[in-house]
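Contents: one structure, followed by commentary.
The values are calculated or read from the model by the stated rules, or taken from the named source; none is laboratory data. All values derive from a computational prediction rather than experimental measurement. Cβ: placed from backbone, ideal geometry, glycine included. Neighbour counts: every protein chain shown.
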Amino acid sequence: MLRAPQAREDIKVVSFDVDGTLVSQGFADCVWLQGIPMAYAEKEGLSFEHAFEFVKSEYDKIGEHRIEWYNIDYWLRKFGLDIPYEKLFKNYEDEIRIFEEVENVLTVLKGEGYDLILSSNAATEFIEFQIKPIKRFFSHVFSATSDFGEVKKTNGFFARVCDILDVKPQAVVHTGDHWVFDFINPRKIGITAYYLDRGRSRNIKGEDDEFVISNLNGILDKFRKR
Ligand SMILES: [Mg+2]
């Protein structure tokens, strides 16, 4: 089946993934792989290496298919760390990198009258903290884990988002950097999806090629009204 891009006039909502799409992964990695082990090392009087090993093995026992994996309060409690996540986040604020084209792309799309939203796997507190400088562009922030108790962005996740916004999937464009959760799944229900491949690492040929972009400017060309 040939998928033609939606006509610009039909599109009302433009949705974005967060990690790897608007911001780099560095901040989240620092919180989980430095901040928490370091706090645990201090509390237990361990070396960082020992604490890291232990913390990492506890993460692995839970694994990304369980909802606890995404819940920082769960982990702080589990490791007996008496430190609010806000403080941990603050320590790594300098690691937050919003990709350079993001602000301009959001400004243009907003100016064109699109409703901009976020659709992420990450827990709400991670999303909100990382997007502070660009928060004003978005009308809604949807977290699969915090809002819907789902560990991945399924087609059901995208259907719920459409329901809540009261729009048809055909009126929504989604862009993100995960092949399944940002591209395959939203397309299943009729959303127009763009796969963001910043490193151009996937070799996609044929009709899907026009739905692959290497940075977010790629959607501007397709959705700028003239
Ligand atoms: Mg992502």
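Within segment 66-79, can one find any residue that is without any contact (Cβ under 8 Å) to a residue 12 or more places away in the chain, in the same structural domain as residue 36 (by TED's automatic domain parsing), away from the ligand (no atom under 16 Å from the Cβ) and over 19 Å from the mean Cα position of the chain (by Cα)? Give the derivation first.
First pass over segment 66-79, keeping only residues without any contact (Cβ under 8 Å) to a residue 12 or more places away in the chain: 68, 74, 77.
Cutting the leftovers down to in the same structural domain as residue 36 (by TED's automatic domain parsing) gives us 68, 74, 77.
Then keep just the ones that are away from the ligand (no atom under 16 Å from the Cβ); that gives 68, 74, 77.
Subsequent filtering for residues that are over 19 Å from the mean Cα position of the chain (by Cα) retains 74, 77.
Looking through segment 66-79, at least one residue is without any contact (Cβ under 8 Å) to a residue 12 or more places away in the chain, in the same structural domain as residue 36 (by TED's automatic domain parsing), away from the ligand (no atom under 16 Å from the Cβ) and over 19 Å from the mean Cα position of the chain (by Cα).
Which of the residues that make up segment 147-171 are among the small types (Gly, Ala, Ser) and either modelled with pLDDT of 95 or more or not assigned by TED's automatic domain parsing to the domain that holds residue 187 (or both)?
Passing the criteria: 159, 171.
Can you tell me which condition residue 119 does not meet? The list is (1) among the polar types (S, T, N, Q); (2) part of a helix (DSSP H, G or I); (3) surrounded by 20 or more Cβ atoms within 10 Å (Cβ to Cβ), and all the others hold.
Among (1) among the polar types (S, T, N, Q); (2) part of a helix (DSSP H, G or I); (3) surrounded by 20 or more Cβ atoms within 10 Å (Cβ to Cβ), residue 119 violates only (2).
Is at least one residue of segment 9-18 among the basic types (Lys, Arg), part of a helix (DSSP H, G or I) and either within 25 Å of residue 130 (Cβ to Cβ) or more than 16 Å from the ligand (Cβ to nearest atom) (or both)?
No, there is no match, as no residue in segment 9-18 is among the basic types (Lys, Arg), part of a helix (DSSP H, G or I) and either within 25 Å of residue 130 (Cβ to Cβ) or more than 16 Å from the ligand (Cβ to nearest atom) (or both).
Residue 25 passes all but one of (1) within 16 Å of the ligand (Cβ to nearest atom); (2) touching a residue at least 40 places away in the same chain (Cβ under 8 Å); (3) surrounded by fewer than 16 Cβ atoms within 10 Å (Cβ to Cβ); which number fails?
All conditions are met except number (2).
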